[in-house]
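Written below as structure tokens is the structure these notes are about.
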Amino acid sequence: MTKQRTGMVVSSVAHAGVIAYAVIGFTTAKPFDPTLESVAVEVLSPSEYDALTKGDRTSKKVENTPKVEAKKIAAVTPEPRPAAPEAKENVDAPPPPPDAAKVETPEPKPEPKKAETPPPEPPKEEPKKAETPPVPTPAPKPAETPKPEKKVDEKSQAKLDDLIKKEVEKKPDPPKKVEKKPDPKPQPKFDPSKIATMIDKRDPGRVAQAAPQMASITTAGISNGQASQLALTRATMLGNMIREQLYQCWSPPVGTQGMRDLMATIQFELTPQGVLIGQPSLQGSSANPAFQAFAESAMRAVNSCTQPTRPLRLPPEDYNLWKSVILDFKLPDA
Amino acid sequence: MDPAIAQQGVAAVTAHDLSLWGLFIQAALVVKLIMIGLVVSSVWCWAIIVDKTVLYARTRRQMDRFEKVFWSGQSLEELYRNLAPRPTSSMPALFVAAMREWKRSFEGGGKAVASLQMRIEKVLDVTIQRELERLEARLLVLATVGSAGPFVGLFGTVWGIMTSFQSIAASKNTSLAVVAPGIAEALFATALGLVAAIPATIFYNKFSSEVSKQANRLEGFADEFSAILSRQIDERTGS
């Protein structure tokens, strides 16, 4: 009997140990990260999207597959790459010590000169292509100048003198440029809407119709376009923004490609932060056997794109309009 | 809508205690009972496993030691006098039982010698049976837990999944967040069943082979010993 009891004691103690370890040691399961692999896509702005579905007023063709008007981006004359924002920073920076102010005043002078210099944009914009070899060398130097100025504002005035010397040494550079490019452009402004064209590294001389879907003239909208108004209202713009963001989270189930009659209407509510309240609900149903999987993939998309870690980004001033959202998920035309 | 409240709502939907303790507490009553039963049976199995391991090791040692002494040429009378007063098991028990029968037959003046050989064999058989019973005791528990444990756990799982499907039907929501906790709970029951059953099966197989090995050894000894005794009987009656 004693033997039996020792066995029981050993076994009970071991089990108690294992259970205690399980309760204490096993912390709660880690949740899956809902973030999906991001895929680089071309971003459509709301107005572009509307243009896509509603088309051009002047066009008379109606087609199922919309065509985007291709613009010759090469024809766009981008503003020169600005020393301008840097110059702004300098101006804004409060110059508390009078010495620093003195230092700063001469500096804006060289920068406007730089700005005046570049009438032919390509060489300035794309120094890597090195169409004009001499240009790149002077370009970096003026770009460096603002940094030391910041330091001047922050740091002791002892370094000011050295910097002034440097500035003086650098000043000889700009005049060279002026000699090279004589026709001046007045006051370059930093236009944020032109960033895209400035970043664009593609060949500015490329042909307009690169993709087969592009046409020189847009169609008069698509035959199944749903927007009721031609004008881009606030509501449709919001709808487009929501759709744009949710579709990025959405991976339609395999096998539904091309099933264009599938449509899932999902309703959900959002906090002002763009976070989901409660659960999204599905409205209506369909006899299509693929519908359930399709609708669930749409609900998953709503769920995963409205988490606190990844909220919907919508203009907060229109919260009343997007507090409660009813959205149709449809497959894009293949 | 107050964002703080909304945040809480989201948290309430997604927050489920998924620790092992949480899984147990949230389970339905039937599933809970099954889990408790499986844990208890696991404790019992391991108690048996520990006991049997110790018992078999001791029995093997005992047999080794006894065989060494028995074949060392020591007088059987002397050996019997040493072993008889103490409670014995396995091989010594066989020896003591056979010797006692032998002694009793010759103490009475050698009258009951005719069927002594038969009696000794009977005694040896009975003793072997008793010893084997002792060795095999409670092994069936291991066998039962090993074969029934997974089924019991599976029953808990089926029950848990049933209830979680009922809750799906009730809430009319098929999102994975609603289904998953119930299924995790349910699967926990199967996990416990397997935890109890796997060692039980392994050790049952090990122990039953051990028992049959020791039984063979006991039978071999019994045969040898009865041969020795039968020679002695023939020598004594013949002389």
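Points worth noting:
- The listed residue being among the polar types (S, T, N, Q) and either at pLDDT 90 or above or touching a helix residue (DSSP H, G or I) at 6+ places or on another chain (Cβ under 7 Å) (or both), out of B:42, B:75: B:42
- Hey, residue A:273 within 12 Å of chain B (Cβ to nearest Cβ), without any contact (Cβ under 8 Å) to a residue 60 or more places away in the chain and not in a loop (DSSP other than H, G, I, E, B) or not: no
- Filtered by the rule that a residue be crowded, with 17+ Cβ neighbours inside 10 Å, out of contact with any Cys (no Cβ under 7 Å at 6 or more places or on another chain) and within 14 Å of chain A (Cβ to nearest Cβ), segment B:139-172 gives a lone residue, B:139.
- Condition met for residue A:253 (open to solvent by 10 Å² or more (accessible area, probe 1.4 Å), in contact with a helix residue (DSSP H, G or I) (Cβ under 8 Å, 6 or more places away or on another chain) and within 11 Å of another protein chain (Cβ to nearest Cβ)): no
- Some residue of segment B:53-68 being modelled with pLDDT under 90 and within 14 Å of chain A (Cβ to nearest Cβ): no
- For segment B:212-230, the condition of being of a type outside the set (A, V, I, L, M, F, W, C) and over 31 Å from the mean Cα position of the chain (by Cα) holds for at least one residue.
- When residues of segment B:71-89 are limited to those that are open to solvent by 70 Å² or more (accessible area, probe 1.4 Å) and of a type outside the set (Gly, Ala, Ser), the one nearest to residue B:58 (Cα to Cα): B:87
- Residue match in segment A:300-317 (condition: surrounded by fewer than 16 Cβ atoms within 10 Å (Cβ to Cβ), outside any loop (DSSP other than H, G, I, E, B), in contact (Cβ under 8 Å) with a residue 12 or more places away in the chain and within 25 Å of the chain's Cα centre (by Cα)): yes
- Condition met for residue A:280 (over 26 Å from residue A:47 (Cα atoms) and within 14 Å of another protein chain (Cβ to nearest Cβ)): yes
- Within segment B:61-102, the set of residues being in contact (Cβ under 8 Å) with a residue 24 or more places away in the chain and not in a helix (DSSP H, G or I) comprises B:89 only.
- When A:235, A:287, A:293, A:264 are checked against the criterion of being open to solvent by 30 Å² or more (accessible area, probe 1.4 Å), within 14 Å of chain B (Cβ to nearest Cβ) and of a type in the set (A, V, I, L, M, F, W, C), a single residue qualifies: A:293.
The values are calculated or read from the model by the stated rules, or taken from the named source; none is laboratory data. Note that the coordinates shown come from a computational prediction; the quantities given were computed from them, not determined experimentally. Every residue, glycine as well, gets a Cβ built from its backbone with ideal geometry; the counts of neighbours run over all protein chains shown. Heads up: the accessible areas ignore ligands, DNA and RNA and are worked out on the full protein's heavy atoms, side chains in. Shrake-Rupley method; radii C 1.70, N 1.55, O 1.52, S 1.80 Å.
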